[in-house]
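The values are calculated or read from the model by the stated rules, or taken from the named source; none is laboratory data. Small disclaimer: the values here were computed from a predicted structure and weren't measured. For neighbour counting, all protein chains shown are included, and Cβ atoms are generated from backbone atoms with ideal geometry for every residue, glycine included.
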Amino acid sequence: MESTYLTLLSTVVFLPALGALVLAFFPREKTEAMKYFALGVTALVFLLTLIMALPSAGDWQFDAAVTDMQKVFSVGWIPSFNINYFMGLDGISFPLVLLTTFVTMLSMAASWPIEKHVKAYCILFLILETGVLGVFLALDFFLFYVFWEVMLLPMYFLIGVWGGPRREYAAIKFFLYTLLGGVFMLIAILMLYFSSDLKMLSKDQLVAAHVISPELSEGEQAARFAEIQAHTTPRRTFNILALQQLGQHTDAFNGDVLGKPLQWWAFLLLLIGFVIKVPSVPLHTWLPDAHVEAPTPISMILAGILLKLGGYGIIRICYPICPQAGYELAYFVCALGVVSMVYGAFAALAQKDFKRLVAYSSVSHMGYVVLGIGVWSAVAGNEFNADAWKMGMNGAMFQMVAHGIASPGMFFMVGVIYERVHHRNLDQFGGLFAKMPLYSGLAIGIFFAGLGLPGLCGFIGEVFVTLSVWSFNHTLAIITASVVVLTAAYILWTLQRVYLGPEYKGPHGDHLHPMTTRELAIALPLFVLAIAMGVYPQMVFHYMTPSVNQTVDDLAGWAQRNAANLPQMAAFDPTAPAPVAPALVQAEIQ
Amino acid sequence: MTSETAYLLLPEIILILAGTLIYLGGAFAPGKSAWAALAALVILAAGGALAQQGTTETVQKALVTGTISGPLTIDWFSAAIRYGVLAVGLVFALVGSRWVGEGDQSEFQGSLLMILAGLMLVALSNDLVLVFVGLELISIPTYVMLYLGKGTNLLESGTKYFFLSLLSSALMLYGFSFLYGVAGSTSLIDIRETFANPDADAARLMSFARLALILIFAGLAFRLTAVPFHFYAPDVYQGTSNANAGILAVIPKIAALAAIVRIIYAGMPGLEQIGWQLTLAVALVTMTLGNLLALWQTNVRRMMAYSSIAHAGYMLIGLSVGFAAAGGAVVAEGLDGVGATLFYLLVYAAATAGVFAALTYLSGERRIVSTLDDLAGLSSSHPKTSAALALFMFSLAGLPPLAGFWGKFTLFTGALSVDARNPESGNLWPWFVALALVGVINAAISGAYYLRLIGVMYFRSGDAAPEGQGGAGAALATALCALAVIGIGAYPGPLVEAGKKASRAARDVSPEMLAGDRVPANQTAVVKPLPGLQKAEF
């Protein structure tokens, strides 16, 4: 079985890179063929991941009912540091993988207007896809880090070479922020590595972490376990699952460092690395610059996929490995989320540049993700009721996917109009509805999805997060809810300035021809998905909820075991009513 | 000198003889590229001689146990450095193949061969006198070399280097004299024995030993370009030619580290405390200052000078961990600070030599590539060279999966592996975590200027493309370095292991080294203290 999974997941990850290699041998002048080829590769990867979602895929099928990792394989890579080529999928990564392959395919289709150095563009584009998929699938912390950094290089060039007038500044700013986050992450990884010891785990835990392959027979497992136990020196590991077990079931990461447990520092370093990517205020300033300068397809990938890596990292790594630090810093994380939401919304209101506005809306919307993850409301007195946190975590995950659909859509819509009139000044638009009715209709739909209108995809995540915050802290919940008003304000005002009004008076008015078929083929799927996910959110929850709930239950279990040692949340009010609509949410989730 | 010693020195002898011949030959046939080809062949021949020695039984046994032969130490450490030096030398011989000014070709190549021989002697020597001779054999041809070629301000940079190098040699020699005073011998193995088991006299003089350590380190820090002995580097690199700057950025660092390992790390046990503290402090300051000052540079050679200062700081991280481990701190098994430093040295040399090879290749009769603006738009005029330069920059910045990443990775893992839970090393731990933290922040800072260079090449358009007349040799050297950066990145394991092996060999003393295989006293170059000058009289 493992070899099947090895082939399957390696194909998913490295097929784009292989395509990039083939592209290198294309004759220079065949630019059209290169674009078709790159599109074909991305489509193939998308199909591959789509097949996994189908029930009839046999061995390849992603089983939504399984809460643990599936399709797991592990082979040695660098034995002297216990580094493995170790990958797997669960309900947290699978929707994001699917999102990645889908958005990448659409972005490649949106790359047709690229005329400069087409070969290099396509190659870098495909390598970028490999890097992103690798991050989502990697279960070895070191492998995770390598993919994380590998992803940086193509993005740097994609912004720097094909970007707008200030591209050099934007590219280097993007690179340095992410690099800084990356090196903090590296330190945290190494701190955890050198505190880890597989000998502290029981046989069942080692099997659950795939340190001992579950495929082995009982006897072989016992033999492997004895082999690990027989060592006199610590057995260090980069295995993310094993680190999670160590973080939740042992005191391996509780060593004292300058008055704080080691995991507190590790959590903080990792969090910095991830919130740079999310991005949260005050580490967000690279994002508007990068978006404004990047070409449209790259903005789509950046907003649709790369930002999700931050949220994914927090869910997969920060909390499960360092639960105590997560508990202690709950307010800090939530504050980061809320501040980003409010600041992003206000900043968006102030923008004159259409693309910059959308970029700030991303800062605001990704704040919901951080908030939803950070809401540690599992502890109610001495009752450990994780329902509210489950709702927040599910909401955050849903918000990531929803934002991954809506924001590429918004950036694409901005790109469509920019290509025609070559400016993005909000004050010089107006009246587009009359000239491009189809385009304007789709755009308004997608912008409403971003706004969070009920019935569209943006709504579900926001409302889940807002509800879950209520049981954590009323003040935060009220602020969260009021951000919805701000969001509505800047989106509606934008729609009014761009699409409504009597007639278009800005420059290049005669270039406002209707959408082409290619553009429609990109916008329509996003539009349809935005509606579908809003009307039938179960299509996403179906895949993610079991794993998300499992993660939360594990952490609540940890809290229960350590209840005696944990400080009560300062502002926690045990008499507060239970989450507002648990019944509805439970129904949603199940 | 016994015949065995002469045989063991064969590679160095080949280099020196050939160097002399090339000097002489240059008087009759100046300015021929053939001298470069000859030098490259000589380097390959020396490598062949080295490899041939490796197959003999004596040397094979020596490599396992570590053996003293006369004033020489044959072990994995000297073997690793000698091979590394020859590889670096080959690259620079190629770099200088075409464009080092009129008629200076033979002088350049002759000096290079001498320098290589000196460098190998430093790694080989078991005697303070021979170490000093080796270091001077590097310095003196370097003075000559700095006046060769085509630079923007050769005279100033050559003179500056000359005087400061003399100063550093004097400092080091002063330190050597204290060391001799404490130990009563110039033989490193004797010095080590004295430090490991000091008799009453030596114990009384231990405070002088500390002074000796600091003076020797200061003298070598000049060659390593560690703060505060770094200040000459930017001026000198900027003023001289690209090829010379490359040699200065790489070769003195190898010499300094080899000497530090032989004399301080291996030769002065018992002083590990001061060793790790000194290297740690200097490492922190050096890397930070180097990286911060590099941010403002617009001259590529000046930027690379600050970059080389910063990298000297990274190298000291490994040394510091090595000293701490030798002093009893618990470091995770399988890690070796000094081994990591040696590996890093190689990784750094590959990328840095590559950068200067590429710059040499890009230069021409009318313009030597010096400023960032000279590189603007390089990606369209010289796509292959700019790709190689980008590769070197990414490697220097430490991005996976290139060689530089593994270099930094091994260094930082070393620093973080000083065990937190072990009571003995517990009090050291915060220092080394801080060291690693400062190290990674520096790595991020360094990204800014390395990427700026890439940005200039790829995102800007230039008015005048560089001429690219550096010749096939420089192009080949660039390609070799690029291959090394990729190859080590893809498969770092064997070289990391080789670094560890070399470091262990330098530190561990086998019984044979202390007694068995030692050449009788009348045949060694060990200077015995004169009867009238007993150490007690100091």
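List of remarks:
- Segment A:535-590 - residue that is hydroxyl-bearing (Ser, Thr, Tyr) and modelled with pLDDT of 50 or more and, of those, nearest to residue A:396 (Cα to Cα): A:545
- Count - residues of segment B:283-299 that are touching a Phe, Trp or Tyr at 6+ places or on another chain (Cβ under 9 Å), polar (S, T, N, Q) and part of a helix (DSSP H, G or I): 2
Residue-wise test of (1) in contact with a helix residue (DSSP H, G or I) (Cβ under 6 Å, 6 or more places away or on another chain); (2) closer than 15 Å to residue A:483 by Cβ.
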| residue | (1), (2) |
| --- | --- |
| A:335 | no, yes |
| A:339 | no, yes |
| A:343 | no, yes |
| A:350 | no, no |
| A:361 | yes, yes |
| A:374 | yes, no |
| A:389 | yes, no |
| A:413 | yes, no |
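- Listed by position, the helices (runs of 4 or more DSSP H) enclosed by segment B:361-424 that each have at least 1 residues that are more than 12 Å from every other protein chain (Cβ to nearest Cβ), touching a residue at least 40 places away in the same chain (Cβ under 8 Å) and surrounded by fewer than 22 Cβ atoms within 10 Å (Cβ to Cβ) are B:378-381.
- Some residue of segment A:143-151 being within 11 Å of another protein chain (Cβ to nearest Cβ) and at positive phi: no
- Whether a residue is closer than 30 Å to residue A:233 by Cα, part of a loop (DSSP other than H, G, I, E, B) and touching a Gly at 6+ places or on another chain (Cβ under 9 Å) was assessed, and residue B:335 passes this test.
- Unmet requirement for residue B:438, which otherwise passes all of (1) under 26 Å from the mean Cα position of the chain (by Cα); (2) at pLDDT 85 or above; (3) buried (at least 20 other Cβ atoms within 10 Å of the Cβ): (3)
- Residue match in segment B:132-142 (condition: touching a Gly at 6+ places or on another chain (Cβ under 6 Å), surrounded by fewer than 22 Cβ atoms within 10 Å (Cβ to Cβ), modelled with pLDDT under 95 and in a helix (DSSP H, G or I)): no
- Residue A:70 of a type in the set (S, T, N, Q) and closer than 25 Å to residue A:314 by Cβ: yes
- Filter result for residue B:255 (assigned to a helix (DSSP H, G or I) and within 15 Å of the chain's Cα centre (by Cα)): yes
- When every residue of segment A:257-269 is checked against the conditions, at least one turns out to be more than 14 Å from chain B (Cβ to nearest Cβ), part of a helix (DSSP H, G or I) and under 19 Å from the mean Cα position of the chain (by Cα).
- Every test in (1) surrounded by fewer than 24 Cβ atoms within 10 Å (Cβ to Cβ); (2) at pLDDT below 90 is passed by residue B:194 save one, and that test is (1).
- Annotation note: Cβ proximity below 6 Å between a residue of segment A:420-433 that is under 16 Å from residue A:351 (Cβ atoms) and a residue that is part of a strand (DSSP E or B) (sequence gap 6+ or interchain) occurs for A:424/A:353.
- Every pair of residues 6+ apart whose Cβ atoms lie under 7 Å, when the first sits in segment A:181-194 and is more than 7 Å from every other protein chain (Cβ to nearest Cβ) while the second is surrounded by fewer than 24 Cβ atoms within 10 Å (Cβ to Cβ) and not in a helix (DSSP H, G or I): A:193/A:236
- From B:385, B:360, residue being touching a Gly at 6+ places or on another chain (Cβ under 6 Å) and of a type in the set (S, T, N, Q): B:360
- In the set B:510, B:461, B:446, only one residue is touching a helix residue (DSSP H, G or I) at 6+ places or on another chain (Cβ under 9 Å), modelled with pLDDT under 85 and within 12 Å of another protein chain (Cβ to nearest Cβ); that residue is B:461.
- From B:294, B:258, residue being closer than 24 Å to residue B:90 by Cβ and among the small types (Gly, Ala, Ser): B:258
- Subset tally (residues that are of a type in the set (A, V, I, L, M, F, W, C) and touching a His at 6+ places or on another chain (Cβ under 8 Å)) for segment A:302-340: 3
- Whether a residue is within 12 Å of chain B (Cβ to nearest Cβ), modelled with pLDDT of 90 or more and surrounded by fewer than 20 Cβ atoms within 10 Å (Cβ to Cβ) was assessed, and residue A:272 passes this test.
- Restricting attention to segment B:330-383, the residues that are more than 28 Å from the chain's Cα centre (by Cα) and either of a type in the set (Lys, Arg) or under 30 Å from residue B:430 (Cβ atoms) (or both) add up to 2.
- Within segment A:151-166, tally of residues that are of a type outside the set (A, V, I, L, M, F, W, C) and in a helix (DSSP H, G or I): 3
- Residue A:281 under 14 Å from residue A:173 (Cβ atoms), of a type outside the set (D, E, K, R) and surrounded by fewer than 24 Cβ atoms within 10 Å (Cβ to Cβ): no
- The residues of segment A:19-78 that are part of a loop (DSSP other than H, G, I, E, B), out of contact with any helix residue (DSSP H, G or I) (no Cβ under 8 Å at 6 or more places or on another chain) and not hydrophobic (A, V, I, L, M, F, W, C), listed by number, are A:27, A:29, A:30, A:63.
- Exactly one residue out of A:173, A:119 is under 23 Å from the mean Cα position of the chain (by Cα), in a helix (DSSP H, G or I) and either within 11 Å of chain B (Cβ to nearest Cβ) or surrounded by fewer than 24 Cβ atoms within 10 Å (Cβ to Cβ) (or both): that is A:173.
- Some residue of segment A:230-243 being surrounded by 18 or more Cβ atoms within 10 Å (Cβ to Cβ), under 30 Å from residue B:433 (Cβ atoms), within 11 Å of chain B (Cβ to nearest Cβ) and touching a strand residue (DSSP E or B) at 6+ places or on another chain (Cβ under 7 Å): no
- So residue B:280, is it closer than 19 Å to residue B:249 by Cβ, more than 14 Å from every other protein chain (Cβ to nearest Cβ), assigned to a helix (DSSP H, G or I) and not small (Gly, Ala, Ser): no
- Residue B:97 falls short of the stated requirement of being among the polar types (S, T, N, Q) and in a helix (DSSP H, G or I).
- Meets criteria (modelled with pLDDT under 90 and at the interface with chain B (Cβ under 10 Å from one of its Cβ atoms)) for residue A:211: no
- Within segment A:399-408, one or more residues are among the hydroxyl-bearing types (Ser, Thr, Tyr) and buried (at least 24 other Cβ atoms within 10 Å of the Cβ).
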